[in-house]
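Structure record follows, encoded as structure tokens.
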Amino acid sequence: RPVLAATVAGGLYLLSVQQTGETSALTLRMSHDSGDHWMPPTQLTAPGVTVTTSAENAPQLAAHGMYAFALWQQRDASGVAQLLLARSTGMGAAPPSITPVTDTPLTDKTYSGFATLATAPNGDLYAAWLDGRDKTSDSTGTFNVYLARSTDHGLSFHPNVKVATLACPCCRPSVAIAANGNVYVAYRHVFGDNERDIAVATSTDHGEHFAPPVRIAND
């Protein structure tokens, strides 16, 4: 599932996965002339890992200003899954920086995936995903929605914030940021007797805290 992102200056970024046996490599290619010519690919992942590419759990790509951001889930040989973010600067002029998004220990094998990526008008970066660290899925079959914010263009992330509980385990959440900094996270909530409807949780403090989610339609 290749993903494309464009800059306002006409540059293009292409994110794709190269599969080799049981492992895979995530690569980023760049074009300075709207896709007429492409630079050689830059590999974002370390050797020996497997990048998740299935359905709504595939890698994400966003461009903002001079930066391109890639977000993906990968598993190493021991089965530990991580959410990682790569930042490419200046259309490939410097090696990409790689940053973990979740703040759980590396030995923690609880689930984190179905991640989404959004950039705010001021350049802040937001990632949201389904998370199993609170063991909600053990009794309800659902996950929680978590969010992390970066204020330094993806070099680091603030502590992870729980946005909502009882999220459908097979649907990627989405994030939108208003001009005033309000953060909106939409996801599929499991209500009552397994009724699944879209809900939106809102933060008025740049993602530090979220109000209870609002059900969009009761149909």
(request) Pick out which of E208, E195, E56 has the largest mean-square fluctuation in a Gaussian network model of the chain, springs linking Cα atoms closer than 10 Å. (result) E195
(request) Could you list the trypsin sites (Lys or Arg not before Pro) in region 121-170 that lie in coil according to DSSP, counting only those with at most 12 other Cβ atoms within 10 Å of their Cβ? (result) K135
(message) Based on C-alpha coordinates, I'd like the Rg and Dmax of region 101-196, in Å.
(response) 13.7, 43
(request) Would you calculate a helix-derived [θ] at 222 nm for the chain, using -39,500 (n - 2.57) for each DSSP H run of n ≥ 4 and dividing by the full residue count, to the nearest 500? (result) -500 deg cm²/dmol
(request) Please arrange I98, I216 by accessible surface area, largest first, computed with a 1.4 Å probe and ligands excluded. (result) I216, I98
(message) Quick check: the distance between the Cα centres of region 1-78 and region 139-199, to the nearest angstrom?
(response) 23
(request) Could you please state how large a percent of the accessible area of the chain is carbon and sulfur, counting protein chains only and using a 1.4 Å probe? (result) 54
(message) Looking at the chain, I'd like the Rg to Rh ratio, where Rg is from alpha-carbon atoms and Rh is Kirkwood's inverse mean 1/r.
(response) 0.97
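The values are calculated or read from the model by the stated rules, or taken from the named source; none is laboratory data. The structure displayed is predicted, hence computed values, not measured ones. Note: ideal-geometry Cβ built from the backbone for every residue, glycine included; neighbour counts use all protein chains shown. For the accessible areas, the whole protein counts, side chains as well, though only heavy atoms, and no ligand, DNA or RNA atoms are used. Shrake-Rupley method; radii C 1.70, N 1.55, O 1.52, S 1.80 Å.
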